[in-house]
Amino acid sequence: MSDTERLCRSCGAGGLTTVLSLGTTPLANSLVRHDEPAEQEPRYPLELAFCRACTLVQITETIPPEELFRDYPYFTSVSDAMLQHARALAEETIERRSLSSTSFVVEAASNDGYLLQYYVQRGIRVLGIEPALNVARVAEERGVPTLTEFFDTAVARQVVAGHGGAQVFHAHNVLAHVPDLNGFVEGIAVLLEEDGIAVIEVPYVKDMIDGCEFDTIYHEHLCYFSLTALRQLFARHGLEVADVGRVPVHGGSLRLHVAPAASAVPSPAVGALLVEESEWGVGDLAVYLGFAERVGALKEALVGLLHGLKSEGKRIAAYGAAAKGSTLLNVFGIGAETLDFVVDRSSVKQGLLMPGVRLPIVPPEKLVEEMPDYLLLLAWNWADEIMAQQDAYSRRGGKFIVPLPRPEVISA
């Protein structure tokens with residue numbers, strides 16, 4: 001544990017305390033071509049720190065967003081579960097806010113139009129804001145008009161000038177990616193109509209800690225949020241959390257409804273979760289240091305399991321060329337000596353290599369062709385969906401390994 005003079009990304013306080021060091025890792029979504037030399041892969045420190053002033057958990061390294069997000073390999077629509085999640089959310093929001101053809105809905109980090117397409121289908125005016133040029137093209141083809149920028153206060157003013165204020169603003173799994181938290185949140189305040197609402201989803205730090213989900217830590221994810229930390233951030237910009245709930249996506253997330261403070265009346269759920277977080281120890285450094293100890297124990301258990309299977313002559317592959325998989329493999333030192341290949345549904349990723357460990361990424365069909373004895377689920381947050389998709393593999397005797405929160409072997 002050490003102190004650093006880096007300032008908190010939210011409140012600006014100094015003296016952040018490092019609670020977990022994961023060494024140096026490659027950028028988790030920087031998939032590698034076969035002809036790229038391993039020594040040319042950049043690696044960066046990956047350290048988790050805690051702000052005692054506002055309780056925000058954050059990493060200490062900042063990679064320029066242009067480097068991370070202008071060409072991006074993640075397409076949300078690849079996941080059937082995420083599409084179902086998005087459709088249900090859009091339908092709920094349309095009914096809850098009585099949206100019509102005169103309404104205006106904006107999403108930051110709108111990806112391939114996975115969410116806004118459902119508003120378009122209902123005749124509602126939308127605008128996606130997505131910095132990844134390759135991903136934005138897919139959204140446009142889907143009928144979702146998309147501005148290829150990083151959302152901030154200046155972009156919010158640009159949107160208001162050109163389109164008017166928004167009745168609904170969506171930001172899902174993006175706030176953690178933002179170096180300038182205050183600029184992003186100020187942009188929300190600028191963009192929202194007086195009676196507007198921001199629907200925001202963020203991976204929940206309590207679920208990360210409780211579930212030992214260390215693999216959600218990578219250089220794209222700058223922050224790991226609690227309601228306690230978020231409420232302070234929003235209040236700084238005249239916004240209030242009107243409602244909050246917990247949703248299962250991405251290993252456990254918060255869904256917040258945030259509104260201008262003048263019109264917001266916090267629901268009982270807000271106060272109840274703040275009390276729950278206080279009792280859990282959201283401001284207690286020992287909670288985060290205990291997380292670091294459990295990560296060490298998890299490494300010993302998972303690596304031991306895999307090594308034991310290999311010593312028995314078993315073949316093992318992995319599923320999910322996701323960022324969390326890159327963190328797990330690189331931090332735990334699991335590579336070609338243990339795994340034969342990584343399966344992924346995304347054609348954009350197939351034919352490339354996992355960063356750092358350089359495991360080949362192949363189509364799902366390879367799984368039944370090769371029939372490894374075990375399949376390590378790197379995308380464990382979609383375990384049910386993956387196991388259902390790979391029914392042919394399990395019926396032929398294949399077994400699944402869910403790595404978190406403790407290694408578990410599942411057979412059909």
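The values are calculated or read from the model by the stated rules, or taken from the named source; none is laboratory data. Owing to the predicted nature of the structure, the values given are computational and were not obtained by experimental measurement. With ideal geometry, Cβ positions are generated from the backbone for all residues, glycine too; neighbour counts draw on all protein chains shown. Surface accessibility is based on the protein's heavy atoms, side chains included, excluding ligands, DNA and RNA. Shrake-Rupley method; radii C 1.70, N 1.55, O 1.52, S 1.80 Å.
Considered as a group, the residues in region 381-412 that are among the aromatic types (Phe, Trp, Tyr) and open to solvent by less than 30 Å² (accessible area, probe 1.4 Å) include one that is nearest to Lys310 (Cα to Cα), and that residue is Phe400. Do you know which residues across region 42-79 are among the charged types (D, E, K, R) and at pLDDT 90 or above? Those that are among the charged types (D, E, K, R) and at pLDDT 90 or above: Arg43, Glu47, Arg52, Glu61. Considered as a group, the residues in region 314-331 that are open to solvent by less than 60 Å² (accessible area, probe 1.4 Å) and farther than 18 Å from Ile217 by Cβ include one that is nearest to the chain's Cα centre (by Cα), and that residue is Tyr319. Taken over region 333-371, the criterion of being surrounded by 15 or more Cβ atoms within 10 Å (Cβ to Cβ), under 22 Å from the mean Cα position of the chain (by Cα) and free of Cβ contacts under 8 Å to residues at least 24 places away in the same chain is satisfied by Gln350 alone. Within region 224-279, the set of residues being β-branched (Val, Ile, Thr), out of contact with any Asp or Glu (no Cβ under 8 Å at 6 or more places or on another chain), closer than 19 Å to Glu194 by Cα and part of a strand (DSSP E or B) comprises just one member, Val241. Answer yes or no as to whether Tyr374 is at pLDDT 95 or above, buried (at least 18 other Cβ atoms within 10 Å of the Cβ) and closer than 30 Å to Ala242 by Cβ. No. On the stretch given as region 22-44, residues that are open to solvent by 70 Å² or more (accessible area, probe 1.4 Å) and within 25 Å of Ala292 (Cβ to Cβ) total 2. If only residues of region 46-87 that are among the acidic types (Asp, Glu) and more than 30 Å from Arg142 (Cβ to Cβ) are counted, the one that is surrounded by the most Cβ atoms within 10 Å (Cβ to Cβ) is Glu47.
Has region 180-190 got any residue that is hydrophobic (A, V, I, L, M, F, W, C), open to solvent by 10 Å² or more (accessible area, probe 1.4 Å) and touching a Phe, Trp or Tyr at 6+ places or on another chain (Cβ under 7 Å)? No, region 180-190 contains no residue that is hydrophobic (A, V, I, L, M, F, W, C), open to solvent by 10 Å² or more (accessible area, probe 1.4 Å) and touching a Phe, Trp or Tyr at 6+ places or on another chain (Cβ under 7 Å).
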